[in-house]
Amino acid sequence: MLSKRLISCLDVRNGRLAKSVKFVDTRDIGDPVETARRYYAAGLDELVFYDITASSDERDIMIDVVSQVAAQVFIPFSVGGGLRTVADCSRVLLAGAEKVNVNSAAVKNPQLIADASLAFGAQAVVLSMDIVRVPASAAIPSGYEIVINGGRTPMGLDALAWARQGAALGAGEIVVNSIDADGTRAGYEVRLTRLIADAVTIPVIASGGGGQPEHLYEVLTDGHADAALVASMLHFGEYTVPEIKDYLLGRGLKMRRTAGQAVA
Amino acid sequence: MIAIVDYKAGNLTSVQRALDHLGLASCVTLDPDVVRRAERIIFPGVGHAGTAMAVLKERGLDVALQAAYAAGTPILGTCVGAQVILGHSEEGDTTCLGLIAGGCERFRPNDAALKVPHMGWNEVSVVKDHPVLRGVPDGAEFYFVHSYYLRPADAANVYATSDHGVTFPAIIGQRNLIATQFHSEKSGPVGLAILSNFAGWSGSPC
């Protein structure tokens, strides 16, 4: 039986972490490669890097980060942010990423999912969806709408329909990121996650709102998610990877055991 | 020197980076002569079995791998590289290398909660000991990504199993050939242990 996955995402700007990450030894670390290495050593199951570099001519810095991570971190990791073409995707995969994360570019050009899936296989293509709650309407029957530009631009696209379309186009996984829950640390959008997880046959990663280990438990059980993404609860040094996993194991979930590994 | 067979089907950089990290010399090659003469061979793969076999044949790598196997060269197959060493794959109804008798079948879980591809970390139960498993605890978890699973004709070829609605072989082997359905290069310390053990393996299964 598959384990539920604990995934963390790191925002990278110009080769440095957008917000530094604090470890239990209280050191603040701004280096994405060192942070990735420490999370790997602590038993994290997977990593996501979002390149939030503003200028496209600085994207080479990210490629360098990706190849350094790939040389030291032997768990799957994906890279997103600024990937608009199959050639963009190819660069990060050749640098050593396992998967690409497509979001806004795929909303604007759904063919990107199909092209990337054909070129690299479905397992390498993660569709990230930013979603807000709206009143249900003829255009948005599920009451959940796709937004882009970090939640600022509504697209008039129903999240449930987009998830189905993305899976049909060849995405291998879906990240369900609730803009409403994001940053609240009050728990994931369980209803939304479950709605999408039940509508597709590919794995669903819950994102946005995780503040405590029980939030992960909720979304991995009631939310039918296959994996949960955490950011601040890990980055702020409030919880360690083993603490979160031990909690979930204690509640009866199957998690990859990482006994004997270093605590970060 | 470990030859990593390049057949345009996989994340070769991952395997090579893992070997670099372990201090093991390797080269990525699609030259059948290099494969024939290699001290040991890693045969990786992500992708479609039909595409993989077409590339292997076009390059003459199918014959080179069969020759290396016959000559006793230690060979490690992973993922699609493990699938195409069997005789047949349901994926694209493909005739494969046939180094081990059997085929590959698609997962068809009865339970809708079990997704295909089988993607993520899953426990591997050791059925039979093997030198490449030295130091790997029974029940350790490895990273899998696949929609088809190994079905060797002879249960004696199964060294470890995992479970996804059906108990399926996670490691199969015969003589100087060992093959894992999971990605050792993405499976953390236990995966690196398998790669390291393989680099020191004589090619004898016990």
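The values are calculated or read from the model by the stated rules, or taken from the named source; none is laboratory data. All values reported here derive from a predicted model rather than from experimental measurement. Quick reminder, even Gly has a Cβ in these numbers, built from the backbone with ideal geometry, and neighbours come from all protein chains shown.
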Exercise for the section: Please go through the stretch B:100-110 and pick out each residue that is of a type outside the set (S, T, N, Q), part of a loop (DSSP other than H, G, I, E, B) and within 14 Å of chain A (Cβ to nearest Cβ). Expected result: B:PHE107, B:ARG108, B:PRO109
Completion exercise
Selection over the stretch B:111-154 where residues are more than 14 Å from chain A (Cβ to nearest Cβ) and of a type in the set (Val, Ile, Thr) yields a count of 3
Exercise for the section: Evaluate the following for B:GLY77: is it under 30 Å from A:MET255 (Cβ atoms) and within 17 Å of the chain's Cα centre (by Cα)? Expected result: yes
Handout entry: Hits in the stretch A:128-176 (condition: at pLDDT 95 or above, polar (S, T, N, Q) and either under 15 Å from A:LYS108 (Cα atoms) or crowded, with 24+ Cβ neighbours inside 10 Å (or both))
Key = A:SER128, A:GLN165
Fill in the blank from the handout: Scanning the stretch A:144-172 residue by residue, those at positive phi and not small (Gly, Ala, Ser) turn out to be A:ASN149
Handout entry: Whichever residue in the stretch A:8-40 is at negative phi and β-branched (Val, Ile, Thr) and, among such residues, is modelled with the lowest pLDDT
Key = A:VAL24
Fill in the blank from the handout: Subset of the stretch B:33-64, residues surrounded by fewer than 16 Cβ atoms within 10 Å (Cβ to Cβ) and at positive phi, comes to B:GLY60
Fill in the blank from the handout: Here, strands (runs of 3 or more DSSP E) confined to the stretch B:1-71 with at least 1 residues that are closer than 17 Å to B:ILE85 by Cα and away from every other protein chain (no Cβ under 11 Å) are B:2-5, B:40-43
Completion exercise
Of the residues in the stretch A:28-37, those that are closer than 21 Å to A:THR258 by Cβ and either surrounded by fewer than 17 Cβ atoms within 10 Å (Cβ to Cβ) or more than 18 Å from the chain's Cα centre (by Cα) (or both) number 2
Practice task
Hey, can you tell me all the residues within the stretch B:90-114 that are modelled with pLDDT of 95 or more and either within 15 Å of B:ASP154 (Cα to Cα) or among the β-branched types (Val, Ile, Thr) (or both)?
Solution key: B:THR95, B:GLY98, B:LEU99, B:ILE100, B:ALA101, B:GLY102, B:GLY103, B:CYS104
Practice task
Go through the residues of the stretch A:234-257 one by one and say whether even a single one is within 14 Å of another protein chain (Cβ to nearest Cβ), in contact (Cβ under 8 Å) with a residue 24 or more places away in the chain, assigned to a helix (DSSP H, G or I) and under 18 Å from the mean Cα position of the chain (by Cα).
Solution key: yes
Problem - Filter pass, A:VAL107 being touching a helix residue (DSSP H, G or I) at 6+ places or on another chain (Cβ under 7 Å), of a type outside the set (Gly, Ala, Ser) and surrounded by 19 or more Cβ atoms within 10 Å (Cβ to Cβ) - result: no
Problem - Selection status of B:ASN176, crowded, with 18+ Cβ neighbours inside 10 Å, within 14 Å of chain A (Cβ to nearest Cβ) and either touching a residue at least 40 places away in the same chain (Cβ under 8 Å) or more than 26 Å from A:PRO76 (Cα to Cα) (or both) - result: no
Problem - Residue satisfying all of: in the stretch B:185-194; more than 8 Å from chain A (Cβ to nearest Cβ) and surrounded by fewer than 24 Cβ atoms within 10 Å (Cβ to Cβ); farthest from B:ALA71 (Cα to Cα) among these - result: B:VAL190
Practice task
Test B:LEU97 against the stated conditions and say whether it is farther than 21 Å from B:GLY200 by Cα, touching a Leu at 6+ places or on another chain (Cβ under 8 Å), part of a helix (DSSP H, G or I) and more than 13 Å from chain A (Cβ to nearest Cβ).
Solution key: no
Practice task
Report yes if B:VAL127 is in contact with a strand residue (DSSP E or B) (Cβ under 7 Å, 6 or more places away or on another chain) and over 13 Å from B:THR180 (Cα atoms), otherwise no.
Solution key: yes
Handout entry: Condition broken by A:VAL100, with the remaining ones in (1) surrounded by 20 or more Cβ atoms within 10 Å (Cβ to Cβ); (2) under 24 Å from A:LEU169 (Cβ atoms); (3) within 14 Å of another protein chain (Cβ to nearest Cβ); (4) out of contact with any Cys (no Cβ under 9 Å at 6 or more places or on another chain) satisfied
Key = (4)
Handout entry: Inter-residue pairs, beta-carbon under 8 Å, first within 14 Å of A:GLU98 (Cα to Cα) and within 9 Å of another protein chain (Cβ to nearest Cβ) and in the stretch A:58-77, second among the polar types (S, T, N, Q) and not in a strand (DSSP E or B), 6+ apart
Key = A:ALA70/B:THR13; A:ALA70/B:SER14; A:PHE74/B:SER187; A:ILE75/B:SER187
Problem - Some residue of the stretch A:5-12 being of a type in the set (Lys, Arg), surrounded by fewer than 23 Cβ atoms within 10 Å (Cβ to Cβ) and over 24 Å from A:ARG91 (Cβ atoms) - result: no
Exercise for the section: Kindly indicate whether any position in the stretch B:65-74 is within 20 Å of A:SER90 (Cα to Cα) and hydrophobic (A, V, I, L, M, F, W, C). Expected result: no
Handout entry: Unique residue being free of Cβ contacts under 8 Å to residues at least 60 places away in the same chain, more than 22 Å from B:ARG37 (Cα to Cα) and touching a Lys or Arg at 6+ places or on another chain (Cβ under 8 Å) when the list is B:GLY50, B:GLY103
Key = B:GLY103
Exercise for the section: Among the residues of the stretch B:87-116, write down those that are out of contact with any Phe, Trp or Tyr (no Cβ under 8 Å at 6 or more places or on another chain) and farther than 27 Å from B:ASN176 by Cβ. Expected result: B:GLY92, B:ASP93, B:ARG108, B:PRO109, B:ASN110, B:ASP111, B:ALA112, B:ALA113, B:LYS115
